[in-house]
Structures are given as C-alpha cells and as structure tokens.
Amino acid sequence: MIVSVASGKGGTGKTLVATSLALSLDNNAEKVELLDCDVEEPNAHIFLDLKLTKSWNVCVPVPEINELKCTHCGRCADVCAFNALAVLEKKVLVFPELCHGCGACSYLCPETAIVERDREIGVVEGGASGNMLFFQGKLTIGEMMAPPIIKATKKHIDKDRMVFIDVPPGTSCPVVEAISGSDFCLLVTEPTPFGLNDLALAMGVVRELQIPCGVVLNRSGTENSAVEDYCRQEDIPVLLKIPLDMEIARAYSRGIPLVRGIPSWREPFRQLFRDIRQRISDN
Amino acid sequence: MKELVVLSGKGGTGKTSIVASFAALARDKILADCDVDAADLYLLLRPDEEEKHEFWSGQVASIDRERCTQCGLCWQVCRFGAINEYSVDAIACEGCGFCYQVCPVEAITMEASLAGYWFMASTKYGYLSHARLRAAQENSGKLVALVRENARALAQKEGLGLIISDGPPGTGCPVISSLSGVDLALLVTEPTLSGIHDLMRIVGVCRRFGVPALVCVNKCDINEENTREIEKYCIEEEIKVAAKIPFDNVVTEALVARMPVVEYRDGQVAHEINNLWRFVLGELK
Ligand code: SF4
Ligand code: SF4
Ligand code: SF4
Ligand code: SF4
C-alpha cells in the first residue's frame, strides 16, 4: 500500500505529517517504509533517528560527439526537442543541463558519431530505523531535473511494506512523478486564503491522476474556515486537524517528530492511518 | 534596471507576506510571481483587472491507429514508458519526439499542448506579472522565464527601475530560472532545523549562479538557539542577516484579510519589514 503526502505549496506541514504517520506505526507489527521524494529540499531525515548507510548515484545519459566521425550535418540538433544541441560549422555544442536523455540524437545520427555517457545529477540514500526503511533522493545543487531522482528513489519501494511518500510541493512534473502509483494521497493545507488556493491546485493534479484523496488541515483554529467549506463542496474528507500551537511549532523547529515530541498525538495519527486504509479498501 | 528575487528553499516561511509588504513600500517597480505552480501573491495584491494569455509549450505524441502497423518500434525507443498498446500516455510523455522520428509509416504526430496561462495584472501597488501552470504539466522553468520577460518588457516600456519577484520553492528548474541574472536574492528562512538545511542548499544555488544573497530570519523567536545558528552560519558564509522578524499572528490575520501586513496593522512586524526593505534598497544600490 502506498500513501503519498502532498501539498500545493511548501511549508504546510507535509513532512510533519509524513514522518508522524510513518512513526506512529513503527511499534506495530506493520512494516513501514518512508520515502522522501522532495528531492530539491529533502529534510524528512532531520526528524528521524537514523544513519544513512547506503548511497546510490543517479545518472542521466547525455550525448558525447565524436568529432572525428561527425560531418556537422545538423540532424541531431534538428531532432532534439529540448535545444540541448547546437551544430556549428566545425563543432557540435552539447548543453548537458538541457538534455532529457531521450536518446533520439545518438540513435538517429547518420554517422554514428554520438555515444552516450552517464552524468550524475544526484543521489539516493537509504537507512533503517527499527522496523522502518527510509530512502531519500537528493538533487545536486545547480541541477535542474528532479524527476529522474524521484524515479530512482521510488525504485526502492517494497510493495510488502506500508509505504509513505513525502512529495515535493507544487503541481508540475516532479509532483506527478512522486504521486503516480499511489493508492491514496493526503493533501496537507492550512486554513488561509493561500492554503485554499494551493489545495484547489493540488486537487487538480490528484484528480488528473485519479487517485483517492483526503485532507489534513494544519495550523487550524477553532473557527470554521473557507478550506473546510471547499472540502465539503468538493466532497473531500478532512481526515485530521492539527491546531496552530506553539508547543507543536517548537518541537518541529528542533527536528522532533510530532508523535515523539507530544506522544498524545500518536493515537490521532494511527486513527488517520486506519481511516486511509478503510478508504482504500472501500475504493 | 534592478531585479530582486525573494526565495526560501521551501515555502511556508512567510516569503509571500514579505513580498506583498515590499509591494506596498517600494516605488516605481513591477511585481512578478515566479511560483507558477501555486501563485499566491495576487491573493494579497487583489488585481483590479488583468489580461490573460495562453501558454503553449512542449509537445505530446499522438498515434493514428488507422495508420499504425503495430511494429512496436515507438514502444522500443521511448525511454519514458509513455507508449502502451500503441497509444500514448499524455502525462508520462516527455515530448522528446523520438517515436515521431522513427515511426516507419508516419503514424505519429507531435501536438503542442496548452501548458498554462500568463497574466499581466494591474493592482493598486503597480503591475503584477504572474502565471499558472495547468495541473500535471511540464516546463515550469520556461513559464517562469516568460513571467520575468513580461515583467522586464513592461518595466522598460513604463520606465520603471525595479522588479521584485516572489520565487518558487525548491532548488531545481523553476528556481534556477527565477534566479539567473538577478541582482540580489533575499532568502527568507525560519529557525527550524529543516529551515536551516533548506537555507544551506539555496545559498549553494545562489553561489553556483553568482547571485549575491541576503538572509531574513522570520519567526526568529520560535527557536532562538536555531536563530543563533543561522547567524553564525551567515557570518561564516559572509552573508548579511538583513532582518529578524518575530512570530506574530498578525501575519496570518493580514493574510486572511488579504492585505500586506505593513498596511494591515502597525507593530513590531511592520516595523521590522520596513527596516528590511530599507536594508534591501541599500544593497541594491
Ligand atoms: S547528427 Fe551526427 S553527424 Fe550530424 S551533426 Fe549531429 S553528431 Fe554530427
Ligand atoms: S538525448 Fe535527447 S534531449 Fe539529449 S541531446 Fe539527445 S536528443 Fe536532445
Ligand atoms: S515523444 Fe518521447 S516520451 Fe513521448 S511517447 Fe514519444 S518517445 Fe515517448
Ligand atoms: S512506430 Fe509507428 S507503426 Fe510502429 S507501432 Fe509505433 S506508431 Fe505504430
């Protein structure tokens, strides 16, 4: 079972929810796996008491031109949809950051003057804590393309485990890469006009991918909010509310997961998990 | 013309509230919201009217079943797993055109896709250039570049000397697109361990692209020890800490009222943001 935890915007408490959800089950017989796919800013590990003992490089193929064979015919630059190649009179320029590694240029070069070599753009790291496996992807600073790292991180999914995925913020390709294949998606938001706007945008992605979802309302107050009205209208269940609370914020600031810092939160998170499981089996 | 971008590594640090306050404080400027996944600045600036334009970008393959001889070559070459049973999964398709190039019977066409919209809005604080990527689309970096281009073109036309951008979260493609070639990056962080971690990564990106950076610690009193850590780190990195803003619910109240916090209520937060703005102006000169 795979549950992804997402939000339209960063900083809504996605990581807090993902880590607490995973850790609330830790003592059970349940075998848990947590993946941090927020590869541009992976920070779930800060909340976990574990060492990252393993590491795998993530590479994408980029073309390399054999100038001895190349006739500067221009075919490769014509077929490249991402402007990663420019053919000059005596030289072919390659812009590796723009290359998506599709392989079209090397396949189609009439002189077989192009070979592909691997270029490292990030790493996947892993470790374990008790019953829980943890993996995180990390995009190298200055690199543009998050999706290949997310894909590489998700290769470590063990279907026999209860898998939680910390998804990058936003609504574009990295989010789709991280969420797709999930059985359920939790959307974390807050009761402000920003929270409402971002929730509606995130819903667009989840609907597009046709994944069942529910909302966690973070930093909620006592008053009823426009976010809850929206959820009612759209028929999205609000599965958990976490209040705006100084004690919670302080625990978070010190890198202490909510269910450890304030153990009374363990039960609400377990309940959240039971709700999700119920909804998946009803689906 | 000067360009300032406000970034935070991750979101949720109060970046947009600060940009909206700058909008109220700065003169002769254009605003740009470079978070094209989840643009929120317009919610606080409340545009009077806006122009809306389509953003067509990227391509998606499509297979003509009538022509297709089911040779399977397209499936073999596609590295993104986008072809199944002789049809294209539009979400998985990267738009590389490899299949289109190799199909022996020309059964594949590449079609442009409507990736989003861009807007030019007029607000009581000046013009706002912003955009919205459609759900599950690619090319957010290109749309960010377009938002900046639109802002620059209008600034030139109107003779305005400053562009203030609200940047996207992360360190990847859209962030690099929002950062390249700007004069100054203001990094808004908060004193949490994850905030510090994110700050270090975004400082790395600024360094990599040669953009000078300033730091603002928001909600500095939720963990004073971490705030000191940030200050220490900034000294080591020779980055100035331009402001420390205390936690105050007034920021959320202003947000709910959909106003820049400096206009919503006078107080310590408004005072600190005023000082921050003066500091930033000094650095830009
Ligand atoms: S297609 Fe091959 S031969 Fe032609 S310019 Fe490119 S590398 Fe050179
Ligand atoms: S592999 Fe694809 S994206 Fe990269 S340079 Fe070749 S054609 Fe362009
Ligand atoms: S355009 Fe590229 S990604 Fe899309 S289906 Fe064809 S080969 Fe696959
Ligand atoms: S390459 Fe062309 S003919 Fe062959 S399966 Fe694909 S679409 Fe059909």
Against the condition within 19 Å of A:Val238 (Cβ to Cβ), in contact with a helix residue (DSSP H, G or I) (Cβ under 9 Å, 6 or more places away or on another chain) and of a type in the set (A, V, I, L, M), how does A:Leu201 come out, does it pass? no
Output the number of the condition that A:Gly101 fails; it satisfies all remaining conditions of (1) touching a strand residue (DSSP E or B) at 6+ places or on another chain (Cβ under 6 Å); (2) more than 16 Å from ligand 3 (Cβ to nearest atom); (3) within 29 Å of A:His156 (Cα to Cα). (2)
For region A:108-127, how many residues are over 20 Å from A:Pro147 (Cβ atoms), away from ligand 2 (no atom under 14 Å from the Cβ) and within 14 Å of chain B (Cβ to nearest Cβ)? 1
What about A:Ser55, is it crowded, with 24+ Cβ neighbours inside 10 Å and either over 16 Å from the mean Cα position of the chain (by Cα) or on the phi < 0 side of the Ramachandran plot (or both)? no
Meets criteria (assigned to a strand (DSSP E or B), under 28 Å from B:Gly167 (Cβ atoms) and among the polar types (S, T, N, Q)) for B:Ser17: no
Checking the structure you have, find out if any residue of region B:53-60 is open to solvent by 40 Å² or more (accessible area, probe 1.4 Å), near ligand 4 (Cβ under 9 Å from one of its atoms) and charged (D, E, K, R). no
Hits in region B:64-98 (condition: of a type in the set (A, V, I, L, M, F, W, C) and within 27 Å of B:Tyr117 (Cα to Cα)): B:Phe80, B:Ala82, B:Val88, B:Ala90, B:Ile91, B:Ala92, B:Cys93, B:Cys96
I'm trying to understand the selection: among the residues of region B:45-79, which are touching a residue at least 60 places away in the same chain (Cβ under 8 Å) and away from ligand 2 (no atom under 16 Å from the Cβ)? B:Leu45, B:Arg46, B:Pro47, B:Asp48, B:Glu49, B:Glu50, B:Glu51, B:Lys52, B:His53, B:Glu54, B:Phe55
Checking A:Thr15 against (1) outside any loop (DSSP other than H, G, I, E, B); (2) more than 9 Å from chain B (Cβ to nearest Cβ), the condition it does not meet: (2)
So, in region B:1-14, of the ones that are in contact with a Gly (Cβ under 9 Å, 6 or more places away or on another chain) and not in a loop (DSSP other than H, G, I, E, B), which residue ends up surrounded by the fewest Cβ atoms within 10 Å (Cβ to Cβ)? B:Lys2
Only residues that are among the acidic types (Asp, Glu) and at pLDDT 95 or above: list them for region A:39-82, please. A:Glu64, A:Asp78
For region A:80-90, enumerate the residues that are over 14 Å from A:Ala113 (Cβ atoms), within 14 Å of chain B (Cβ to nearest Cβ) and surrounded by 11 or more Cβ atoms within 10 Å (Cβ to Cβ). A:Cys80, A:Ala81, A:Phe82, A:Ala84
What are the pairs, 6+ residues apart or on separate chains, where a residue within region A:91-106 that is more than 14 Å from every other protein chain (Cβ to nearest Cβ) and in contact (Cβ under 8 Å) with a residue 12 or more places away in the chain has its Cβ under 7 Å from a residue that is of a type in the set (Gly, Ala, Ser) and open to solvent by less than 60 Å² (accessible area, probe 1.4 Å)? A:Val94/A:Ala84
Residues being facing chain B (nearest Cβ under 10 Å), aliphatic (A, V, I, L, M) and open to solvent by less than 30 Å² (accessible area, probe 1.4 Å): count how many of those fall in region A:170-209. 8
Could you please find all residues in region B:78-95 being within 14 Å of ligand 4 (Cβ to nearest atom) and open to solvent by less than 30 Å² (accessible area, probe 1.4 Å)? B:Ala82, B:Ile83, B:Cys93
Yes or no: A:Lys151 surrounded by fewer than 24 Cβ atoms within 10 Å (Cβ to Cβ), within 16 Å of the chain's Cα centre (by Cα) and within 16 Å of ligand 3 (Cβ to nearest atom)? yes
Residue ID - farthest from the other protein chains (Cβ to nearest Cβ), chosen from residues in region A:142-169 that are in contact with an Asp or Glu (Cβ under 6 Å, 6 or more places away or on another chain) and part of a strand (DSSP E or B): A:Met162
Can you tell me how many residues within region B:114-148 are within 14 Å of chain A (Cβ to nearest Cβ), open to solvent by 20 Å² or more (accessible area, probe 1.4 Å) and small (Gly, Ala, Ser)? 2
All but one of (1) touching a strand residue (DSSP E or B) at 6+ places or on another chain (Cβ under 7 Å); (2) over 19 Å from B:Asp183 (Cα atoms) hold for B:Ala38, so report the exception by its number. (1)
For region A:41-51, indicate whether the set of residues that are open to solvent by less than 30 Å² (accessible area, probe 1.4 Å), in a loop (DSSP other than H, G, I, E, B), assigned by TED's automatic domain parsing to the domain that holds A:Phe135 and acidic (Asp, Glu) is non-empty. yes
Name the residue, out of A:Arg279, A:Arg274, A:Arg219, A:Arg250, that is in contact (Cβ under 8 Å) with a residue 12 or more places away in the chain, under 21 Å from A:Ala22 (Cα atoms), part of a helix (DSSP H, G or I) and not hydrophobic (A, V, I, L, M, F, W, C). A:Arg279
Scan region A:237-244 and tell me whether some residue there is more than 24 Å from the chain's Cα centre (by Cα) and in the same structural domain as A:Met162 (by TED's automatic domain parsing). yes
Out of (1) away from ligand 4 (no atom under 16 Å from the Cβ); (2) open to solvent by 50 Å² or more (accessible area, probe 1.4 Å); (3) more than 30 Å from the chain's Cα centre (by Cα), the odd one out for A:Tyr107 is which? (1)
With surrounded by fewer than 17 Cβ atoms within 10 Å (Cβ to Cβ) and touching a Lys or Arg at 6+ places or on another chain (Cβ under 8 Å) as the only criterion, which of B:Val36, B:Val105 stands out? B:Val105
Residue by residue through region B:93-113, note down the ones that are closer than 21 Å to A:Pro110 by Cβ, within 14 Å of another protein chain (Cβ to nearest Cβ) and away from ligand 1 (no atom under 16 Å from the Cβ). B:Cys99, B:Tyr100, B:Cys103, B:Pro104, B:Ile108
Within the bounds of region B:149-169, is there any residue that is surrounded by 24 or more Cβ atoms within 10 Å (Cβ to Cβ), under 21 Å from A:Glu208 (Cβ atoms) and within 12 Å of the chain's Cα centre (by Cα)? yes
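The values are calculated or read from the model by the stated rules, or taken from the named source; none is laboratory data. Keep in mind that this is a model prediction, so the values were computed, not measured. Positions of Cβ are generated from backbone atoms using ideal geometry, with glycine treated the same way; all protein chains shown enter the neighbour counts. Only protein heavy atoms, including side chains, enter the accessible area calculation; ligands, DNA and RNA are left aside. Shrake-Rupley method; radii C 1.70, N 1.55, O 1.52, S 1.80 Å.
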